[in-house]
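Take a look at the structure below.
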Amino acid sequence: MQGNALDVKGLTKRYGQFALEDVSFSVPRGTVVGLVGENGAGKSTTLNAALGLIHADAGSVELLGGQVQDGALREQIGVVFDANAFPNALSPDRLNRIFRRIYRTWDEERYRSLLRAMELPADRKIGKLSKGMKMKLAIAVALSHGAKLLILDEATSGLDPIAREEILDMLLDFVQAEDHAVLLSSHITSDLEKIADFIVFLHAGRVIFEKPKDELRYRYGIVRCGAAQFAAIDEADRIAWRKQDYEWEVLVADREVARKKYPKAVVDPATIDEIMLLHIKGERK
Amino acid sequence: MRGLLLKDFFLVRSVLGILLLVLLVVGSGMSVLTSTWVLTVVSTVMFGMIGVTTIGQDKASGWNRVAGVLPVSPRAVVDSKYVLYLLLSGAGFVLGGFIGMLGALVQAQADGAVFAVISLSIALLSGSVTIPCNFLLGEEKGIVSLIAAYPLSTAIFIGAAAIWRDPLTSGLAVLAVGVALYLTSWLAARALLPRRDAV
C-alpha cells in the first residue's frame, strides 16, 4: 500500500497566547508515528485540528487520501482521547448498541472478543471502570469498526506499566497490517521508543524535527565535555547545547563521527527525553 | 442519528423513571386540589428539559469530542438534540394528557384543549432558546438559560392572553409563534453551530 495515512501541511491555529505555527508532518502507512513534546507544546491541538474538531486558521490535512469531513472515511479512523470520553452512565454493552447504529462497519463480534481479551465486564457502568479499563475500552471501540488509521492522544498517560505495555502491544498488532497506521501523541517517550517508527517533536507550537526513531537512537549522541572542548566543537556539529554544573552537553547528529572528531570528549547515545530536553532547555542554532 | 438518540435515551432513562413517579404522585394530589390537565404542562416542560440537559452532559463527559469523530455530520449531532427535545416533550405531553384525562373521568375538569395548547407553546418557545444556549454556553450558563426560558415563555403567553381575550385563540397564536421559532432556531443552529470548534 502506497502513500501516507495522514498528511498534515502548514497547519496553523492561534488561540490567544498560544499558536500552532505551520505544522507539517506525515504518517506513512504501516508505521507508528510518535508525536512528542512537553505539556502545552500543541500535541492535542494538532490532533484536534487534524481530526476536524477545531478549525485550523491555515493549512491542510489529508487522512487516508481524503478529507476528514467525509463520513465514509471517518469509519476508517479510530480515535482514542486522553481521558474517558464516554458517559459514565453507559456500559460497554450499551456502547455496542449505540455504535452498531452509527458505524456501518461496526464489527460486534470483534468488539466482544476484544472486551473478553481485555477482561472488560460488558455490563459494568463505565463510571465504575478503572482508568486503565476505560482506556482499553476506548481502544476496543477504535479497533471494532475497521479503522485503518488510529489516532491516540496521550492514551498511555496515567496508566501503570502493565496496562501501558498491553496497550502498546495492541498497537503493534494493529500496525502489522501494512495499510494500517498509528499516530500516538505522548510525553512518555519510553513508550514511543518501544513502538514508534518515526518521531515528530513539537515545541511551542512548532515542529522541531520529524525523524526516524532509529536515527535518533542509533546516530544521535550527546557530547559531554569541558568548556575548552565545547569551544573546539564546530558550530555545524552542534544541534543544541546547554551548560550543566560541571560540563557542557552538546547534541550531535552523528555520535560516531563526533567520537572520531572529538576523541577527548565523552559521547553517549541520546534518549528521546534528552533530545527533547536539550532542544527545550538548551540553546539551538 | 438513531445511535445518537439511543445514547441520549440511555442517559435520560434513569431520570425518566423518577420523573414518572413524581408525576403520578403529584397528579394524584392535584386531582383533588385543581385540574389535572395542569399536569400536561408540567410533564411536557419537565420531559423536554431533561432532553436539553444531555447537551451539558455531552460536554462534561467529553462525548462531544467522540461525536466530532463519528461518521455522522455535525449537523446530525445538532438535529439529534432538536429531535430528542421533540420526542421527550411529546412523551411528556402524552403522559400528562393521559393523567389529565384520567382526572377528567373522575371529576369535571377545566378545558383540556387550552392546557394542551399551553403545553406545546411553552415547550416549543423554551426549546428554541435553551437548545442553542446549551450548545453555545457552558454548562452553568446553560442551566441558567433553562431556568430563564420557561418563565419567559410563560410571560409571552400571558402577553398574548392580554391581547386575545379567548385563552384558546391566544394559545393557538402563541403555538404558531412557537412552531416558527423552534424551526428557525433549528435551522440557524444546524447552519451555525458546526462552524464552531467542537472542543
>> Where the second residue is outside any helix (DSSP H, G or I) and among the basic types (Lys, Arg) and the first is within 16 Å of B:Leu70 (Cβ to Cβ) and more than 7 Å from chain B (Cβ to nearest Cβ) and lies in the range A:90-115, which pairs have Cβ atoms under 8 Å and are six or more apart or on separate chains?
In response: A:Trp106/A:Arg100
> What is the number of the single condition among (1) open to solvent by less than 30 Å² (accessible area, probe 1.4 Å); (2) farther than 15 Å from A:Val175 by Cα that A:Leu6 does not meet?
Replying inline: (2)
> So, in the range A:73-87, of the ones that are farther than 15 Å from A:Lys136 by Cα and more than 7 Å from every other protein chain (Cβ to nearest Cβ), which residue ends up least open to solvent (accessible area, probe 1.4 Å)?
Replying inline: A:Leu73
>> Return the residues of the range B:52-78 that are within 7 Å of chain A (Cβ to nearest Cβ), open to solvent by less than 20 Å² (accessible area, probe 1.4 Å) and outside any loop (DSSP other than H, G, I, E, B); say none if nothing qualifies.
In response: B:Trp63, B:Val66, B:Gly68, B:Val69
> Among the residues of the range B:42-49, is there at least one that is within 20 Å of the chain's Cα centre (by Cα), open to solvent by 60 Å² or more (accessible area, probe 1.4 Å), within 13 Å of chain A (Cβ to nearest Cβ) and more than 21 Å from B:Ala198 (Cβ to Cβ)?
Replying inline: no
>> On the basis of being under 13 Å from the mean Cα position of the chain (by Cα) and open to solvent by less than 30 Å² (accessible area, probe 1.4 Å), does B:Leu193 make the cut?
In response: no
> What do you reckon, is B:Leu95 more than 19 Å from the chain's Cα centre (by Cα) and over 25 Å from A:Arg104 (Cα atoms)?
Replying inline: no
>> I need the full set of residues from the range A:32-60 which are surrounded by fewer than 20 Cβ atoms within 10 Å (Cβ to Cβ), at negative phi and more than 10 Å from chain B (Cβ to nearest Cβ), in order please.
In response: A:Glu38, A:Asn39, A:Asp57, A:Ala58, A:Ser60
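Between A:Leu159, A:Leu168, A:Leu202, which is of a type in the set (A, V, I, L, M), touching a residue at least 40 places away in the same chain (Cβ under 8 Å) and either open to solvent by less than 50 Å² (accessible area, probe 1.4 Å) or not in a helix (DSSP H, G or I) (or both)?
Selected residue: A:Leu202, the only one of A:Leu159, A:Leu168, A:Leu202 that is of a type in the set (A, V, I, L, M), touching a residue at least 40 places away in the same chain (Cβ under 8 Å) and either open to solvent by less than 50 Å² (accessible area, probe 1.4 Å) or not in a helix (DSSP H, G or I) (or both).
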>> The conditions are (1) out of contact with any helix residue (DSSP H, G or I) (no Cβ under 9 Å at 6 or more places or on another chain); (2) within 16 Å of B:Val41 (Cα to Cα); (3) not hydrophobic (A, V, I, L, M, F, W, C), and B:Tyr150 fails exactly one of them. Which is it?
In response: (1)
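The values are calculated or read from the model by the stated rules, or taken from the named source; none is laboratory data. Small disclaimer: the values here were computed from a predicted structure and weren't measured. With ideal geometry, Cβ positions are generated from the backbone for all residues, glycine too; neighbour counts draw on all protein chains shown. Just the protein is used for accessible areas: all its heavy atoms, side chains included, with ligands, DNA and RNA removed. Shrake-Rupley method; radii C 1.70, N 1.55, O 1.52, S 1.80 Å.
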